[in-house]
Amino acid sequence: MRAVDIIIRKRDHFQLTKEEIKFFISGVVDGSIPDYQASAWAMAVLLNGMTDQETTELTLAMAESGETLDLSEIAPIVVDKHSTGGVGDKVTLVVTPLVASCGLPVGKMSGRGLGFSGGTLDKLDSIPGYRSDLSKQEFLDQLKEFGFVLTGQSADLAPADRILYKLRDVTGTVDSLPLIASSVMSKKIAGGANAIVLDVKVGNGAFMKTIEDARKLAETMIAIGKLSGRKVEALLSDMNQPLGVAVGNAVELREAIDTLHDGGPADFHEHCLVIASHMLLLGKKVSTLDEARAMAEDALKSGRAWEEFRALVIRQGGDVSFIDHPEKLPGAAVTYEMKAERDGFIAELRAQTVGETAVSLGAGRAKKEDSIDLGVGMYVRVKVGDQVKKGDVLFTILAKSEADAQAAAKRLATGIQWSDKPVEPLPLFYATKS
Ligand code: URA
């Protein structure tokens, strides 16, 4: 078998066999298939799609490309969550300590930014010393002893995804249903959690732009999860506008800290409570969604969720003074307030434009070896449906230079649509699937 023939078959719309998929994935992992062929193949998949059968085979091949964890010895139920990627999505930073503080073990392996969407590990990098490179054994030990671990994908787990994820980020091959489904579910299967809540984002700032596509992605991931004996629930949530206010890395961590203190922007706070409630219910900590909600609210109000996060940071080597005093977190040289030039209602606030602007400021990567600037980003001061007066602040831009800030403001202006008439706010969630 030759990699080039498999690329050509996908380019020419043929269905790949299980053997071809396994051959390709093992070649990606052992290095016999170079980056350029893996990227060409990913583009062929993005353009021509995959059948459900191919997507399932791809997911299993990726999950089996490294070790898979069996957590049954550690706890009867370990819960996990995963977002398909959005702008301002710092949900993991809040819900994982929140749920763990309720006594439900959480074993979470997060990722870095992908395309215009942010990544939890990049946000955690704002805390000096925080280790997100735990080995498999450290992951297991920490989960067993403390019931909570939040790290990156260990080198042994789903290595195929780790390699492809980095390539997809910089080759325009992110927004493909089979590639997203296999990326998410291979990690979840390898990571061993048996109850998984998926936050499937939909809208212009998500990789799935329509509810139909998001629904199909959710159904595909749920079916793959069931095949592997996992309980999976998916929530379809809005990503037409950024979630919360902060977009960037350190700024998003600050917002997560505020929320763990039972504050934070109302939409983000509510989003976290909903996701956490579903995790608590799926993990059988409670028997109704109402009980789950009450438990989640109490974890924030009582300070338990915050204490859990603090303990996690200390355990994983982070300098806790940076989260106790978030003003110590990385900042930016220039703060620029972009103001409304007219009165009106916000009809559109394109999350994709906001995400791309954050990347252009340095908060994301253009090439896989790029380092990112943890201090840049923005605060989005308005939401769809808001009534705005001329001179009101729309965005507070945090940039390396005045020129970057001006360029960002110009770009952000293209993401706003105005209306003279009142506009309905956007919902947070569209549907739940299991
Ligand atoms: N999250 C992932 O882990 N993979 C994707 O492809 C998209 C979002």
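At-a-glance table
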| item | result |
| --- | --- |
| Computed lengthening from residue 347 to residue 328, 0.36 nm per intervening residue step minus Cα-Cα distance | 3.2 nm |
| Links that overshoot a 21 Å alpha carbon limit, given the list 339/389; 136/188; 90/328; 90/188; 166/433 | 166/433 |
| Potential lengthening between residue 13 and residue 51 on full extension [0.36 nm per residue; Cα-Cα distance subtracted] | 12.6 nm |
| Rel. contact order, % - alpha carbon contacts under 8 angstrom, at least six apart, the chain | 19 |
| Point-to-point label distance, residue 392-residue 155, nm (Cα→Cβ direction, 7 Å offset) | 5.2 |
| Charge dipole magnitude, Cβ of K and R +1, D and E -1 - the chain, Cα centre, debye nearest 20 | 420 |
| FRET efficiency, 1/(1 + (r/R0)^6) with R0 45 Å, evaluated for residue 141 and residue 227 via beta carbons | 0.95 |
| Karplus-derived HN-Hα couplings along the range 105-113 (A = 6.51, B = -1.76, C = 1.60, θ = phi - 60°), whole Hz, x at Gly and Pro | x, 10, x, 10, 10, 9, x, 9, x |
| Inter-label distance for residue 70 and residue 410, nm, one decimal - labels placed 7 Å from Cα along Cα-to-Cβ | 6.0 |
| Ellipsoid equivalent to the chain - semi-axes via the Cα gyration tensor, in Å | 32, 27, 21 |
| Built amide H within the under 5 Å cut-off of residue 430, gap 5+ | 236, 237, 238 |
| Gyration tensor verdict on the range 170-256 (Cα atoms; rounded if a/c is under 1.5, prolate if a/b is larger than b/c, oblate otherwise) | prolate |
| Computed FRET value (nearest 0.05) for residue 383 with residue 284, which takes r as the C-beta separation and R₀ as 45 Å | 0.80 |
| Under 5 Å, built H, 5+ apart or other chain: amide partners of residue 110 | 151, 152, 153 |
| Under the Karplus curve 6.51 cos²θ - 1.76 cosθ + 1.60, θ = phi - 60°, whole-Hz ³J(HN,Hα) for the range 50-66, x wherever Gly or Pro sits | 9, 6, 4, 4, 5, 4, 5, 4, 5, 4, 5, 4, 5, 4, 8, 6, x |
| Segment residue 298-residue 311, length gained on full extension (0.36 nm per residue, minus Cα span) | 2.8 nm |
| Zone of residue 219's modelled label, taken as backbone nitrogen in the range 399-434 under 19 Å from a point 7 Å along Cα→Cβ | 430-434 |
| Most mobile of 83, 135, 154 in a GNM of the chain (Cα contacts under 10 Å) | 135 |
| Estimated 222 nm signal from helices in the chain, with DSSP H stretches of n ≥ 4 weighted -39500 (n - 2.57), rounded to 500 | -14000 deg cm²/dmol |
| Highest-first arrangement of 215-224, 99-108, where packing means the average Cβ count within 10 Å | 99-108, 215-224 |
| Spin-label model distance (nm) - residue 335 vs residue 320, 7 Å beyond Cα toward Cβ | 2.8 |
| Sorted peptide list for 313-320, 13-20, criterion being average Cβ within 10 angstrom, highest first | 313-320, 13-20 |
| Global geometry of the range 206-274, whether rounded, prolate or oblate, following the gyration tensor of its Cα atoms and the 1.5 cut on a/c | prolate |
| For the range 329-336, Karplus couplings with θ = phi - 60° (6.51, -1.76, 1.60), whole Hz, Gly/Pro x | 5, x, x, 10, 5, 10, 10, 10 |
| The range 292-311-the range 204-227 distance, computed between alpha-carbon centres (Å) | 30 |
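Since every read-out is calculated from the coordinates, none of them should be taken as a lab result. Bear in mind that the values here come from a model prediction, so they are computed numbers and not experimental data. Ideal geometry is used to build each Cβ from the backbone, glycine not excepted, and the neighbour counts take in all protein chains shown.
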